[in-house]
Amino acid sequence: MAKFIPNNALSANTQYTLAISTSVTDLAGVALAAAATINFKTGGAYTVAPTVLYGNGDDYTITVSYSEPMIAAKQTDTTNWSKSAINPANYYIKTLASGGAGAAPYSSAVALSTVANLSFTYDEVTNTVTIKGFAFFSSTPRPTDFQIFVDTVVDKSNNTIGASGGRTIGG
């Protein structure tokens, strides 16, 4: 089984041809016996905004999973960096007391763009951003819940995320 994941959104109501040559191999290195051609047409424009499905975190890693494929442009892509799911400027975090209620967006939240030594990666299969290197505040007792805010990120159909409302995550 193979999975076709385009780098960019396909145009709406457009006929496409996917040509697969015999140079394609399986994991054992066995090539296709014959070339294959698949014709398909895309449907109407997709206009549903992505959402944060869930988040998870510990003392070093935070993950944020989205409802659909997101743009994960690198900083060198000046056209898409501002709306990239791996741009630290699009994330804010606030720790809460255990079981604490969430706060209004950005109320005393920390912009992750101000935190040094973070690493952001994106997994296209699970639509998940992994943020490594984040250490929760050294307060005692350590917070077990946090709230994460995500803004400006865009899915591969160029729909901007709605207000994340600060998803509260229990740890």
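The values are calculated or read from the model by the stated rules, or taken from the named source; none is laboratory data. This one's a predicted model, so the numbers in the text were calculated from it and none came from an experiment. With ideal geometry, Cβ positions are generated from the backbone for all residues, glycine too; neighbour counts draw on all protein chains shown. What goes into the accessible areas is simple: the full protein's heavy atoms, side chains included, and nothing from ligands, DNA or RNA. Shrake-Rupley method; radii C 1.70, N 1.55, O 1.52, S 1.80 Å.
Numerical summary
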quantity	calculated
Test for residue 98: is it at pLDDT 85 or above and small (Gly, Ala, Ser)	no
Test result for residue 40, in contact with a Phe, Trp or Tyr (Cβ under 6 Å, 6 or more places away or on another chain), over 25 Å from residue 162 (Cβ atoms) and either in contact (Cβ under 8 Å) with a residue 40 or more places away in the chain or not acidic (Asp, Glu) (or both)	yes
Only listed residue being of a type in the set (Asp, Glu), part of a loop (DSSP other than H, G, I, E, B) and at pLDDT 85 or above, chosen from 59, 77	77
Some residue of region 159-171 being open to solvent by less than 70 Å² (accessible area, probe 1.4 Å), under 20 Å from the mean Cα position of the chain (by Cα) and at pLDDT 85 or above	yes
Flag if residue 129 is open to solvent by 40 Å² or more (accessible area, probe 1.4 Å) and modelled with pLDDT of 80 or more	no
Subset of region 103-124 [among the hydroxyl-bearing types (Ser, Thr, Tyr) and either surrounded by 13 or more Cβ atoms within 10 Å (Cβ to Cβ) or modelled with pLDDT of 95 or more (or both)]	106, 119, 121, 122
One residue from 25, 47, 17 being open to solvent by 80 Å² or more (accessible area, probe 1.4 Å) and touching a strand residue (DSSP E or B) at 6+ places or on another chain (Cβ under 6 Å)	17
Evaluation of residue 135 against (1) at pLDDT 60 or above; (2) in contact with an Asp or Glu (Cβ under 7 Å, 6 or more places away or on another chain); (3) buried (at least 17 other Cβ atoms within 10 Å of the Cβ) (one fails), failing number	(3)
